[in-house]
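Data first, discussion second: the structure below is written as structure tokens.
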């Protein structure tokens, strides 16, 4: 018999059990078919290195798998080995959930996920999330984050944007999602593509409550430089 908390709610019991297992965060990463596989790769690298993260659930859509092949050279195969192939070394705390498995743990609000990011987020995935069409695990997991009031970051990547795209972004944002277009920054004087990607991904993780030491933080322009301008 379950030793239920005072509320007597089984959902509260499951949530308490999840939280008792670890004080670190549990994060879901969704990868869809928009260009930008390198951003997903960098996200997984930083999450794997972050001691505050206990578990990462990785869900890759069918188009996302094709993206990984085309942009990273990661070929299809055993899904369980996907994180190791993306990162290039054995991975301990990243597990892969099939996108068709809508009965997976992260498809229920009773399983606590602290934050979720969809990176990159295609316009198709955005539309499904914005309209609550939970026909795969990426969209269902995102729907759960919204209904439970948890952090959801959508790294949308497409250009130009149609009225439909803009409307879906607004709808998702009104539902509680953070809309974070994959726009690189240049104020930190990047020298490489990795500099651009790292700064953007660090900003994404900061939105998820996982601020990174590698993130450049703007401290303002010295008065002397302002005068010269």
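The values are calculated or read from the model by the stated rules, or taken from the named source; none is laboratory data. The structure displayed is predicted, hence computed values, not measured ones. Here Cβ is always computed from backbone atoms with ideal geometry, including for glycine, and neighbour counts include all displayed protein chains.
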Selection from segment 187-212 of residues that are modelled with pLDDT of 95 or more and farther than 19 Å from residue 46 by Cα: 191
Count of segment 148-174 residues which are touching a residue at least 24 places away in the same chain (Cβ under 8 Å) and either under 17 Å from the mean Cα position of the chain (by Cα) or surrounded by 16 or more Cβ atoms within 10 Å (Cβ to Cβ) (or both): 16
Selection status of residue 128, part of a helix (DSSP H, G or I) and touching a strand residue (DSSP E or B) at 6+ places or on another chain (Cβ under 6 Å): no
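Give the residue that is farthest from residue 100 (Cα to Cα), with candidates limited to residues of segment 35-59 that are in a strand (DSSP E or B) and touching a helix residue (DSSP H, G or I) at 6+ places or on another chain (Cβ under 7 Å). I'd like the intermediate steps shown before the answer.
Step one: list which residues in segment 35-59 are in a strand (DSSP E or B), which gives 53-59.
Imposing the further condition that a residue be touching a helix residue (DSSP H, G or I) at 6+ places or on another chain (Cβ under 7 Å) reduces the set to 53, 56-59.
Values: 53: 25, 56: 18, 57: 14, 58: 13, 59: 9 Å.
Out of the qualifying residues, it is 53.
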Verdict on residue 118 being surrounded by 22 or more Cβ atoms within 10 Å (Cβ to Cβ) and within 30 Å of residue 162 (Cα to Cα): yes
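Within segment 56-64, does at least one residue satisfy the condition of being more than 23 Å from residue 123 (Cα to Cα) and in contact (Cβ under 8 Å) with a residue 24 or more places away in the chain? Before the answer, list the steps.
Of all residues in segment 56-64, those more than 23 Å from residue 123 (Cα to Cα) come to 56.
Still in the running and in contact (Cβ under 8 Å) with a residue 24 or more places away in the chain: 56.
Within segment 56-64, one or more residues are more than 23 Å from residue 123 (Cα to Cα) and in contact (Cβ under 8 Å) with a residue 24 or more places away in the chain.
Just to check your reading of the model, which residue among 17, 24, 49, 10 is at pLDDT below 90 and within 19 Å of the chain's Cα centre (by Cα)?
Numbers: 17 fails: within 19 Å of the chain's Cα centre (by Cα); 49 fails: at pLDDT below 90; 10 fails: within 19 Å of the chain's Cα centre (by Cα).
Answer to the check: 24.
Kindly evaluate residue 115 against the criterion of being at pLDDT 95 or above, within 20 Å of residue 47 (Cβ to Cβ) and in contact with a strand residue (DSSP E or B) (Cβ under 7 Å, 6 or more places away or on another chain). Outline the logic, then answer.
Values: at pLDDT 95 or above: yes; within 20 Å of residue 47 (Cβ to Cβ): yes; in contact with a strand residue (DSSP E or B) (Cβ under 7 Å, 6 or more places away or on another chain): yes.
Criteria met by residue 115.
Within segment 107-121, how many residues turn out to be within 13 Å of the chain's Cα centre (by Cα) and either more than 23 Å from residue 206 (Cα to Cα) or outside any strand (DSSP E or B) (or both)?
Of all residues in segment 107-121, those within 13 Å of the chain's Cα centre (by Cα) come to 113-121.
Checking the rest, the ones that are also either more than 23 Å from residue 206 (Cα to Cα) or outside any strand (DSSP E or B) (or both) come to 113-114.
Looking only at that region, the number is 2.
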Members of segment 77-112 that are free of Cβ contacts under 8 Å to residues at least 24 places away in the same chain and over 21 Å from residue 46 (Cα atoms): 77, 78, 103
Residue match in segment 213-223 (condition: within 26 Å of residue 62 (Cβ to Cβ), in contact with a helix residue (DSSP H, G or I) (Cβ under 6 Å, 6 or more places away or on another chain) and either touching a residue at least 24 places away in the same chain (Cβ under 8 Å) or surrounded by 12 or more Cβ atoms within 10 Å (Cβ to Cβ) (or both)): no
